[in-house]
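Presented below is the structure to which this report refers.
The values are calculated or read from the model by the stated rules, or taken from the named source; none is laboratory data. Quantities reported herein were computed from a predicted structural model and do not represent experimental measurements. Here Cβ is always computed from backbone atoms with ideal geometry, including for glycine, and neighbour counts include all displayed protein chains. Surface areas here come from the heavy atoms of the whole protein model, side chains and all, with no ligands, DNA or RNA. Shrake-Rupley method; radii C 1.70, N 1.55, O 1.52, S 1.80 Å.
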Amino acid sequence: MSNLPRLLRFPSVVRCFRNFPRYSSSASGNGDQPEFIPVPEYAERHGENIEVRKARLLYQSRKRGMLENGLLLSTFASKYLRDMTEHQVELYDKLINKPSNDWEIYYWATGNKPTPEEYQSEIMDMLKEHARNEDRDCRITQPPLFT
């Protein structure tokens, strides 16, 4: 027991880690190299009402798992989502839900990485312009859900 890191000596912490697996054992079974669990593919929602879709996207824009994208996408959605056409909403939905890594979206929007052709659209152009923040809007908190 003394070989374990101090934090892992407590049973409640060990149970927490046991119930939250980050990776599985490798396919070969030797356990030397962990095989990371893949992120599930994005499943398009067919037949979703446009207002329901906009409400879902507004929520998803706020709850990103990383502060940078939470602030960037929530302010973008608050400003533009209400007036988007159905086609623009579809493009935005794919943009924020299809890539498996939120850092990629952030890098594309801020111009630190080139945007792949699949995600280059009028919505990405709007997001890039929003990220430049030429008006120097204060974006240190997320906008309220209801205005």
Going through segment 79-117 in order, the residues found to be of a type outside the set (S, T, N, Q) and without any contact (Cβ under 8 Å) to a residue 12 or more places away in the chain are Asp83, His87, Glu90, Glu104, Tyr107, Lys113, Pro114, Pro116, Glu117
Could you please find all residues in segment 62-80 being open to solvent by less than 40 Å² (accessible area, probe 1.4 Å) and assigned to a helix (DSSP H, G or I)? Asn69, Gly70, Leu71, Leu72, Leu73, Ser74, Thr75, Phe76, Ala77
Considering only residues that are in a helix (DSSP H, G or I) and not hydroxyl-bearing (Ser, Thr, Tyr), look in segment 104-117 and name the one that is surrounded by the fewest Cβ atoms within 10 Å (Cβ to Cβ). Glu117
Has segment 63-72 got any residue that is in contact with a Gly (Cβ under 8 Å, 6 or more places away or on another chain) and more than 22 Å from Arg53 (Cβ to Cβ)? no
Got at least one residue in segment 17-33 being modelled with pLDDT under 95 and part of a helix (DSSP H, G or I)? yes
Taking the residues in segment 118-138 that are in contact (Cβ under 8 Å) with a residue 40 or more places away in the chain and either of a type in the set (A, V, I, L, M) or open to solvent by 60 Å² or more (accessible area, probe 1.4 Å) (or both) as candidates, determine which candidate is farthest from Glu44 (Cα to Cα). Asp137
Total residues in segment 82-103, condition more than 13 Å from Ala43 (Cα to Cα), surrounded by 16 or more Cβ atoms within 10 Å (Cβ to Cβ) and of a type in the set (D, E, K, R): 1
